[in-house]
1. Using alpha carbons only, how many degrees (0 to 90, rounded to 10) separate the axis of helix B:157-187 from the longest principal axis of chain B?
2. What pairs in B:Lys145/B:Lys169; A:Lys72/B:Lys331; B:Lys246/B:Lys417; A:Lys78/B:Lys244 have C-alpha atoms more than 19 Å from each other?
3. As a footprinting exposure proxy, order B:Lys246, B:Lys331 by other Cβ within 10 Å, with the fewest listed first.
4. Taking the Cβ of each residue in B:Thr85, B:Thr342, B:Thr269 as the centre, tally the other Cβ atoms inside 10 Å and list the residues starting with the fewest.
5. With an 8 Å Cα cut-off and a minimum separation of 6 or more residues, compute the relative contact order for the stretch B:298-421 in percent.
6. Put +1 on the Cβ of every Lys and Arg and -1 on every Asp and Glu Cβ in chain B; which of B:Ala266, B:Asn300, B:Thr250 then has its Cα farthest towards the positive end of the dipole?
7. Could you list B:Trp226, B:Trp375, B:Trp354, B:Trp391 in order of exposure, starting from the residue whose Cβ has the fewest other Cβ atoms within 10 Å?
8. Show that you can apply the helix-only estimate: for chain B, add -39,500 (n - 2.57) for every DSSP H stretch of four or more residues, divide by all residues, and state [θ] at 222 nm to the nearest 500.
Amino acid sequence: MKSIIQISNLSKIYKDAEMYSLNDFSLDIKEGQIFGLLGPNGAGKTTLISILCGLVKPTSGSFSIDNLIYAKNANEIKKIIGVVPQEYALYPTLTARENLLYFGSMYGLKGTDLKEKVIDSLDFLGLLKFADKRIETFSGGMKRRVNLIAGILHNPKILFLDEPTVGVDVHSKNVIIEYLKELNKTGTTIIYTSHHLSEAQDFCTDIAIVDRGIIYAEGTPKDLIAATANARNLEDVFISLTGKELRDAI
Amino acid sequence: MSVYKEFLLLKRDMGGVVTLFLMPLVLIITVTLIQDSSYKKENDVKIPILLVDYDKGNVSKTIFDNLQKSNVFSVVTSLDATPITEAVAKEAVFKGKYQLAIIIPSHLSTDLQAKIDQNVQKIVSSLGFADSLATKSNTKLVDQKEVKLYFDPAVQLSFKSGVMNGIDKMISQIETKSIYTTFQEQLGEEDAKFEQKSFITFKEIVPKINNKEIRPNSVQHNVPAWTLFAIFFIVIPLSINMVKEKTQGTFIRLRTNPVSNKIVLAGKTVMYLIICLIQFYMMVAVAIFLFPHLGLPALNVEGHLILMSIVALFSGLAAIGFGILLGTIAKTQEQSAPFGATAVIILAAIGGVWVPVFAMPKIMQIIAQSSPMNWGLEAFYDVLLRNATFWDLVPELFLLFLFFVVTTTLALLYDKKKRAV
């Protein structure tokens, strides 16, 4: 498979921080993968996604997205990536439709195409009847679904998902995961972070277990489980690699 | 689409919209009503002052009559049917119950007349008329007299100096009149009356438009000043709007999509500029149509509205530029809102909205030249009071536009530096 994201020796240390959030981090993500970045709090997952999305500047190292680099091709990269942040990145006083029409238009979508795309996406995720309700009236699960649609309306080649199912009920989670699987089938590469290890085990084709800014293990879920002594599932692998101590971090 | 989104966000916050449009109107009406009295020759409300008359003569009677006629003061000479003493007056004024007390010393009229008689006699004697004036001879030493003024410590300096100048002028006139009268009596020429009117008078020449004099009133001064103040208050909702995008997370989407930040900011600029202009037209409409019903003069915009709109447009741009810069740098609403409000008040103060620039200390006059509110205010005054043409306004409009360009560029550079990858 062709590499779509290449990360070489990437490091990031925030101002006044004592430890690196990413420490000489290298990774190769192939086209079509659903790549899970798993790790405890403060492992560096969100920092990595923020750097790849162009939101945070790395301290050192380099990376390319579809053979493009931000310094020269920021706009081209932004056109082919979709971002679903951990926060509900939506205007609470606008309706779901208004939010999606606005964010879709930012990717050059317009007119009937955009309107239909919004309706189809809302329909697929069970939100069409709430299309004209304000986001502030939505439940957490509904907001997560709209948040997801806002990141994929333009059919991105690469989709970054930062904890897309955090704080949602089982039904919403299933709908989101099914939708993402369908999206992946159409050729979208997905980079995903989560604390839900069982969800990741089922959903991801490849996984990297990250802690303290470095990769502890990388491979398919099946290979990682097989390679860890007495591991029955990904959670056992995770505990075995990262330990049991709490990782509260500021 | 960015403009439409900003419109929707504002439309959904009706409380905010009402505040944006209603508060400037309340402000302009309140301030103009309060300040109107200082522009009026006649005032409905008279300031009560205490007069303690130990003289009981012509001079004190003239002072009393003149003060009563001034239409500014109502003179109080007794409290609870008891004549006021100096001690009572002093206590009442220093406690803030009255703003002013005038104490006229005893024998002021007689001593003034005696002093004038002595002086006139000396002059007349030196001219060789001494014999005929023998009867008026008087060599008694007359002490200098002092009219005491007590001011409430809380009154403003301008009020104090205004009152002191007025009383000084009044006493000078009384002295002059007495001197003329005494000369007349001493010379004994009943038919040759002296002309006692001032020889030198002054007349204010005001600018004219179409042969009509443009006389400044409270409305023409206050409407531009407070309209500008309200326009600049757009800084607060605009910066809050931008800070909210950061805290809500929508900022992440705006930064990760291919649309340039310049386009996003342009959308905000257009929407908030429309708000500024609506605010401006509402305030002008109130000043034209509502003010006369409140007993205020109507704002005369005849032939000025287009130029005033241009000044409002450029002032709005300057305010928006400042709001964008503040919204870009601030991380929380707690930072942006108090800073924005305080900054606007400071800009207004140094811009001459409260105290005219010419009345400021030298250093503040120099600083005032750097306030966008001063450029806007001068441009409005140029249009409304100085009969300026568009070309006369170009320097001020250029500065306002430059301020917008500089602040917006700084915001873009700051943003780029913070998130550049």
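The numbers here are math on the coordinates, done by the rules we state, and not lab data. It should be emphasised that the depicted structure is a prediction, and the values quoted were computed from it without experimental measurement. Heads up, the Cβs are rebuilt from the backbone with ideal geometry, glycines too, and the neighbour counts pull from every protein chain shown.
1. 20
2. A:Lys72/B:Lys331; A:Lys78/B:Lys244
3. Listing B:Lys246, B:Lys331 from fewest to most nearby Cβ atoms yields B:Lys331, B:Lys246.
4. Ascending number of Cβ neighbours within 10 Å: B:Thr342, B:Thr85, B:Thr269.
5. Reported as a whole number, the value is 37 percent.
6. It is B:Thr250, whose Cα lies furthest towards the positive end.
7. Lowest count first: B:Trp391, B:Trp354, B:Trp226, B:Trp375.
8. So the helix-based figure for chain B works out to -21000 deg cm²/dmol.
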